[in-house]
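**Student:** Dropping the structure in here first, questions after.
The values are calculated or read from the model by the stated rules, or taken from the named source; none is laboratory data. The structure presented is a predicted model; accordingly, all values stated were derived computationally and were not measured. Backbone-built Cβ (ideal geometry, glycine too); neighbour counts: all protein chains shown.
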Amino acid sequence: MDEPLARQQLVADSATQPAVAVTTATDVPVVSVTDLNKTYDGGFTALHDVDLSIRRGEIFALLGPNGAGKTTLISIICGLSNATTGRVRVAGHDVEREYRETRKRIGLVPQELATNTFEKVVDEVSFSRRLFGKPADPAYVEKILRQLSLWDKKDSQIRWLSGGMKRRLLIAKALSHEPEILFLDEPTAGVDVELRHDMWQLVSELRANGVTIILTTHYIEEAESMADRVGVILGGEIILVDDKTALMDKLGEKRLTIHLLEPLEQVPAAVADYGLVLTAGGRALVYTYHPQHDEFGVPKLLRALEATGITYTDLQTQQSSLEEIFVNLVGQQR
């Protein structure tokens with residue numbers, strides 16, 4: 001069945017655009033946001049003085065509660081919405097003045113499951129590729145669909161797909177034109193474990209091939225396991241950007257659980273200044289501390305315990321997760 005004339009025209013228009021020049025300068029961020037503000041007609045300010053640089057080839061996680069401005073920021077970077085003031089550059093190109101140059105470099109997986117319901121899966125992905133001026137490449141389309149476990153659905157109309165399958169299709173469409181930068185806006189929200197596994201495996205492969213990944217997610221453990229750097233946005237402002245490991249070292253806490261040989265009824269007065277908490281029916285003491293700002297120190301605590309005659313059978317340490325750090329940050333800012 002022939003494509004509608006409007007779709008054919010869109011493909012023709014894109015195909016006549018000049019090829020995208022690849023930016024190779026390593027000192028230029030692949031995404032650069034400067035003094036960005038977004039205020040809607042009603043007066044609501046969604047973004048306020050946002051500055052952000054994304055490094056080429058990294059996985060960057062943008063975290064924030066609902067309504068913090070994550071989707072607004074992504075929409076402006078992707079050229080789907082205009083900023084009130086400020087500037088955004090993608091691979092050295094201005095997103096407003098050089099829209100086609102920037103858009104060709106970007107793949108976007110939005111939150112909404114918006115698709116052409118009567119199209120076949122393979123036709124929809126192939127059309128998305130041609131829409132960006134890319135020549136037909138059935139082998140590449142097949143590769144994407146197989147990676148996302150969609151190949152057996154290639155001839156199905158989209159309306160018959162499950163919600164999880166439609167999410168996979170959005171990812172396939174975003175990758176259809178081989179973008180340099182991939183935005184994933186809550187890509188695994190409400191989907192099954194299998195898709196989440198497939199998604200992150202694919203992200204790892206894309207990153208290995210030099211694709212820059214920017215993601216938002218409510219599953220912060222995913223950001224912790226995948227991201228190189230983390231940014232936190234709250235109330236339309238970027239309140240923190242840091243390497244994930246450095247962030248967890250600086251802002252994270254450690255908990256030392258001391259398993260006792262004999263139970264205690266209360267924390268001994270000799271170690272009261274350590275802020276120890278008695279747990280497990282008196283059979284464990286928990287010491288919470290910041291490794292970089294620990295005025296007492298674990299060895300000193302253990303010596304103090306031994307001096308009081310307290311013996312222990314085991315020691316167990318646990319570090320704060322990225323989620324705990326995020327919750328604490330948001331709580332402090334509110």
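**Student:** Within region 212-252, how many residues turn out to be part of a loop (DSSP other than H, G, I, E, B) and of a type in the set (Ser, Thr, Tyr)?
**Tutor:** Looking only at that region, the number is 2.
**Student:** Given the condition crowded, with 21+ Cβ neighbours inside 10 Å and either touching a Gly at 6+ places or on another chain (Cβ under 6 Å) or in contact (Cβ under 8 Å) with a residue 60 or more places away in the chain (or both), answer yes or no: does some residue in region 124-137 qualify?
**Tutor:** Yes: one or more hits.
**Student:** Name the residue, out of Leu202, Leu206, Leu215, that is within 18 Å of Leu170 (Cα to Cα), out of contact with any helix residue (DSSP H, G or I) (no Cβ under 6 Å at 6 or more places or on another chain) and touching a residue at least 40 places away in the same chain (Cβ under 8 Å).
**Tutor:** Going through Leu202, Leu206, Leu215 in turn, the sole match is Leu215.
**Student:** Go through region 298-334 and report how many residues are small (Gly, Ala, Ser), loosely packed, with under 14 Cβ neighbours inside 10 Å and modelled with pLDDT under 80.
**Tutor:** Looking only at that region, the number is 1.
**Student:** Determine, yes or no, whether Thr117 is at pLDDT below 90, over 23 Å from the mean Cα position of the chain (by Cα) and within 26 Å of Gly79 (Cα to Cα).
**Tutor:** yes
**Student:** If you scan region 191-216, which residues turn out to be surrounded by fewer than 22 Cβ atoms within 10 Å (Cβ to Cβ) and polar (S, T, N, Q)?
**Tutor:** Gln201, Ser204, Asn209
**Student:** Ala270 - would you say it is touching a residue at least 24 places away in the same chain (Cβ under 8 Å), not in a strand (DSSP E or B) and not acidic (Asp, Glu)?
**Tutor:** So Ala270 fits the description; yes.
**Student:** How about region 139-151: which of its residues are part of a helix (DSSP H, G or I) and under 21 Å from Trp200 (Cα atoms)?
**Tutor:** Those that are part of a helix (DSSP H, G or I) and under 21 Å from Trp200 (Cα atoms): Tyr140, Val141, Glu142, Lys143, Ile144, Leu145, Arg146, Gln147, Trp151.
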